[in-house]
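This report refers to the structure that appears directly beneath it.
Here, each number is a calculation from the coordinates, and none is a lab measurement. Since this is a predicted model, take the numbers as computed values, not measurements. Please note: Cβ atoms are built from the backbone with ideal geometry, for glycine as well, and neighbour counts cover all protein chains shown.
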Amino acid sequence: MPTAFDNLKRKSFYVIALACLKLYGWFPIFGTLRAALAVIYKDGKFLVIHRNDGRGVCLPGGLCNWREAEEATLDREVREETGMTVSGKEVVLRYHSGVDFPCNLTVFRAQASGGIRSSWEGSPQWRTVAEIEPELVQSQRPVLEVFRKIAADEKQ
């Protein structure tokens, strides 16, 4: 059961996330940002984060710190958002998005271990492609093709 402090963190994320997205979209003072995302697949489902800012679901991952390698970002963000530890990763897609702000995204197919837990950003959930598609944030929609390919390969 969430505590009052947990609820405060979630509400804080809602305000901070939406303000930052809007402001950086208007004033991208640091130019194009970089991000790393994880595609984690298990038992016919993909791990996504149901975001606390009301924007839908997204993949575990996030923005790279200055001079941080995408691989290090992936490890850090997956641990922060899900509590899981990444044990293997391979780049499956790179693309540019200008949906919310200018960003170059690197998508990794990753293996992860450990139990999942929620963070101030949202709640990790295992979902099928059909469950993800209507709620996936716009900036990550190119990853749907990766989901479909992995799911189809798994059926063979």
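Structure above, values below:
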| item | result |
| --- | --- |
| Projected label distance in nm at Lys155 and Thr128, using a 7 Å step from Cα toward the beta-carbon | 1.0 |
| Counting DSSP beta bridges with both ends in the chain, the antiparallel % (nearest 5) | 75 |
| Percent RCO, i.e. relative contact order, over the chain, from Cα pairs under 8 Å lying at least 6 residues apart | 28 |
| Förster-model FRET efficiency, 30 Å R0, Trp26 and Arg67, C-beta, rounded to 0.05 | 0.75 |
| Rg/Rh (Cα only; Kirkwood hydrodynamic radius) as it applies to segment 3-112 | 0.97 |
| The chain: calculated mean residue ellipticity at 222 nm from DSSP helix runs of at least 4, using -39500 (n - 2.57) | -10500 deg cm²/dmol |
| Gain in span if fully extended, Lys45 to Ser87, counting 0.36 nm per residue against the direct Cα distance | 13.3 nm |
| Selected from Ile150, Gly31, Leu93, residue furthest toward positive end of dipole (the chain; charges at beta carbon) | Gly31 |
| Proximal lysine pairs, the chain, alpha carbons under 19 Å, eight or more residues apart or interchain | 8 |
| Trypsin sites (Lys or Arg not before Pro) within segment 116-156: DSSP coil, no more than 13 neighbouring Cβ in 10 Å | Arg117 |
| Simple Cβ-charge dipole of the chain, Lys/Arg +1 and Asp/Glu -1, about Cα centre, in debye nearest 20 | 140 |
